[in-house]
1. Collect the residues in the range 254-268 that are in contact with a strand residue (DSSP E or B) (Cβ under 7 Å, 6 or more places away or on another chain) and more than 17 Å from residue 229 (Cβ to Cβ), keeping them in residue-number order.
2. Just wondering, is there one or more residues in the range 101-122 that are over 26 Å from residue 237 (Cα atoms), at pLDDT 95 or above and touching a strand residue (DSSP E or B) at 6+ places or on another chain (Cβ under 9 Å)?
3. Answer yes if at least one residue in the range 260-276 is farther than 19 Å from residue 211 by Cβ, modelled with pLDDT of 95 or more and surrounded by 14 or more Cβ atoms within 10 Å (Cβ to Cβ), and no otherwise.
4. Could you tell me which numbered condition residue 178 fails, if it satisfies all but one of (1) farther than 15 Å from residue 318 by Cα; (2) in contact with a helix residue (DSSP H, G or I) (Cβ under 6 Å, 6 or more places away or on another chain); (3) crowded, with 23+ Cβ neighbours inside 10 Å?
5. Within the range 123-145, is there a residue that is touching a strand residue (DSSP E or B) at 6+ places or on another chain (Cβ under 6 Å), closer than 18 Å to residue 170 by Cα, modelled with pLDDT of 95 or more and not in a loop (DSSP other than H, G, I, E, B)?
6. Answer with yes or no whether residue 95 is surrounded by fewer than 20 Cβ atoms within 10 Å (Cβ to Cβ), more than 25 Å from residue 152 (Cα to Cα) and modelled with pLDDT of 95 or more.
7. Could you figure out which of (1) surrounded by fewer than 20 Cβ atoms within 10 Å (Cβ to Cβ); (2) without any contact (Cβ under 8 Å) to a residue 60 or more places away in the chain; (3) under 27 Å from residue 207 (Cα atoms) isn't true of residue 53?
8. Sort through 311, 345 and tell me the only one that's touching a strand residue (DSSP E or B) at 6+ places or on another chain (Cβ under 9 Å), crowded, with 18+ Cβ neighbours inside 10 Å and over 26 Å from residue 264 (Cα atoms).
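The values are calculated or read from the model by the stated rules, or taken from the named source; none is laboratory data. Computed from a prediction, not measured in an experiment: that's the story for all the values here. Heads up, the Cβs are rebuilt from the backbone with ideal geometry, glycines too, and the neighbour counts pull from every protein chain shown.
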């Protein structure tokens, strides 16, 4: 026991710059598009506000931004869902974020469109490449993007090498299963290529490896064990947590306890979390609402309060980020499809900030 305690203390000392600072924020990748289309934001009293000012008042200090390879190649329906973040878009948004006093977390999707556990499409420009050529392309592309951001004076503080890559990325070449052995050497070679570029260009940035089985400890443990066995150079375990897909908050807490014990050198960040403020409770796809709070404004607030209380119990948790907090259709001039998930922190009916936004400020940081 004493030996384990000493090892944990030594490990934490090596990552103290990361562990000492806690981060609160959200993935605001649609903020620029919303601004162009006239979206109106209000505080809880109904007064029109600058959302950046409101986020700052609530203690937010970092913003997450996704980056697609060639989003113009994405299906048209995905464009309606917000797939537009190419390097030019991201550079401009990151400059705004930094100018408003926030740090940046950059989220490489390594895809032309959404990358998540159900789909990890290889970008069109890399289709047909073998594992070696794909790794080289990932390295060169990552370097290119980071050098462009560095030239624009917006070096990210955190970098995700892949988005929700529980089952690998750039399928079929990089596809894996945490519970099965095949292809991990290929997948970790792709990850190493991305991480290497991050270290070369942004040596002070924290590298995040992001998965989404937060309520399933055996799968989570196997995954990060395999990264350790491969000698992957990264800093932070990133998790997604949505209760309709990932189980109860106590199951999340059990995973966080186990991560602290088994991976003491790796801080954990909740890089995606969200819940509905409006939902009819009908299951769609793999959503399971049987153990969830109501999909109402109060249900969203209570979910956030419970999540923050749980995260505050865990010293290894150093970040909390709401996914798509800027979702808001009030005042919009969007044409075509209006992609409303009703999981943001503003009510699309009137643009007013929801109580969950204020609950997030209780996260210790």
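1. 256, 267, 268
2. Checking the range 101-122: not a single residue is over 26 Å from residue 237 (Cα atoms), at pLDDT 95 or above and touching a strand residue (DSSP E or B) at 6+ places or on another chain (Cβ under 9 Å).
3. yes
4. Only one criterion in (1) farther than 15 Å from residue 318 by Cα; (2) in contact with a helix residue (DSSP H, G or I) (Cβ under 6 Å, 6 or more places away or on another chain); (3) crowded, with 23+ Cβ neighbours inside 10 Å is unmet by residue 178, namely (3).
5. Checked the range 123-145: no residue is touching a strand residue (DSSP E or B) at 6+ places or on another chain (Cβ under 6 Å), closer than 18 Å to residue 170 by Cα, modelled with pLDDT of 95 or more and not in a loop (DSSP other than H, G, I, E, B).
6. In short, no.
7. Status for residue 53: all satisfied but (3).
8. None of the others qualify; the one that does is 345.
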